[in-house]
Amino acid sequence: MRKLVAALSAVALTVLIPATATAGGNDEAVIGDITGDSLPDRITFGRAWDNNCMVVVEPGKPGGGYDWGQTYLYESPVSYEPYCASMGELVDLGGGVKELVTTNFWNDGDAGLVALRLENNAITVVGKYAGVPDPNFVQQADFTGDGRGDVWVYSDQYWRLRSFNTTSTGDLVPGSISECTGRAPQYVLADFDGDGGQDMLAALDCGTRSAKLLYGGNRPALTLGSISGSGPQFKVYLADNNGDQYPDVTVDTPQPDYSIVTKRYVNDGAGNFTPLP
C-alpha cells in the first residue's frame, strides 16, 4: 500500500507519519499484491466501451519493477455514467483474497464503491456499495484491527470524510468515522485506545477548524481544539511526550490573533488524554 509506516514501539501498532493524503487519488495506480505471489503489482483502470471497463495489472517482478501488463475486462454494475473506476485500494473482503475497492471521481454516493476480485484469470464484480459522492481519493487503514484492511474516502465537493469497514462475510459497511471537512485532512493513524484497530487524529475544516481524534471503533470522537472563522489550520503530530511509548499527540492550535500555540497531550494507553502544562 502507498503508505509510509513506522513502528512506534512493540506496544503500539503501526502508525502513519503525518501527511496530507494523496495516494489512492484520481487516475493514480494502485500498488499492491493482487496476484497472490507476495510481490507488489501495479494496477490501473480504464474504460473500454459503453459500460465495459478495464483493469490493467502489471505483475511485480522479484528483482523490482513490473512485467508487461495484462488487461482484464468486466461489465460495470453501475447503471449510469461514470461506469468505470478511476481510483481504488486493495483490501480483504473475507476469505484471505485481496479485492479492489474502487470508485470514480465523478460518482454519486449511491454507486460510490465497487469491489472487484481477480480470480480464474478474470476480473469479477463482487459487490456494489453506497459511498461518498465525488471522491478525491480512497485510502486504506485497519480501523477494526482484524487485519483485512478497511477504507476511508474523502470528497472536497461533498465536504465529507467517511470510513467503511470490511467484514468477515465479504461486505463493506459504513464505519464509525463520518466528519465534515472542506479540506483534505492532515492526519496521523495509530492505535490510540489500545483496541487493536487504527484511529485517526485529523486536522479538519468545516467552517470551524478543529483537531479531532476519530476512533476506529465505536467510541465517540475526541475534540482536541477548535476555532471558528478564518485563519491558519490546525496541525497534528504523533508523539511520545512522556517516554512511556504509548502514542501521544501534539497539536499546533491556531489562536484568534492568528498565532499558533503548540499543545502536548499524553495518552494513558486506553485513549484518555491529559494536557501537559
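Tabulated data for the structure shown
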item: Student exercise, region 213-277 dipole from Lys, Arg, Asp, Glu Cβ charges, in Debye to nearest 20; result: 160
item: Highest-first arrangement of 63-76, 148-161, where packing means the average Cβ count within 10 Å; result: 148-161, 63-76
item: Using θ = phi - 60° and Karplus 6.51 cos²θ - 1.76 cosθ + 1.60, couplings along region 98-106 (whole Hz; Gly, Pro as x); result: 7, 10, 8, 9, 10, 7, 10, 3, 9
item: Normalised contact order of the chain, rounded percent, pairs of Cα under 8 Å and 6 or more residues apart; result: 13
item: Residues of type lysines that LYS235 reaches as a straight line, Cα spacing below 21 Å, ignoring anything fewer than 8 places off in the same chain; result: LYS3, LYS212, LYS263
item: Cβ charges +1 (Lys, Arg) and -1 (Asp, Glu), total dipole of the chain, debye; result: 480
item: Inter-part distance where region 136-196 and region 32-91 are each reduced to a Cα centre, Å; result: 22
item: Listed residues GLY60, GLY127, LEU93: farthest to the positive end of the dipole of region 57-135 (Cβ charges); result: GLY60
item: Listed residues SER178, THR166, TYR154: farthest to the positive end of the dipole of region 121-200 (Cβ charges); result: TYR154
item: Estimated Rh, region 125-237: Kirkwood, alpha-carbon pairs, angstrom; result: 14.5
item: Whole-number percent relative contact order across region 221-277, with pairs defined as alpha carbons under 8 Å at least 6 apart; result: 26
item: Average projected area [Cα convex hull, region 42-139], square nanometres; result: 6.6
item: Positive minus negative residues near ASP268 (Lys, Arg vs Asp, Glu; Cβ under 11 Å); result: -3
item: Mean projected area (nm²) of the alpha-carbon convex hull when the chain is viewed from all directions; result: 15.3
item: Cα centre as origin, Lys/Arg/Asp/Glu Cβ charges: region 137-253 dipole, Debye; result: 520
item: Farthest toward positive dipole pole in region 194-258 [+1 Lys/Arg, -1 Asp/Glu at C-beta], among LEU222, GLN198, TYR237; result: LEU222
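None of the figures in this text is laboratory data; all of them are computed from the coordinates on show. These figures come from a predicted structure and were not determined experimentally. Virtual Cβ from ideal backbone geometry, glycine too; neighbours counted across all protein chains shown.
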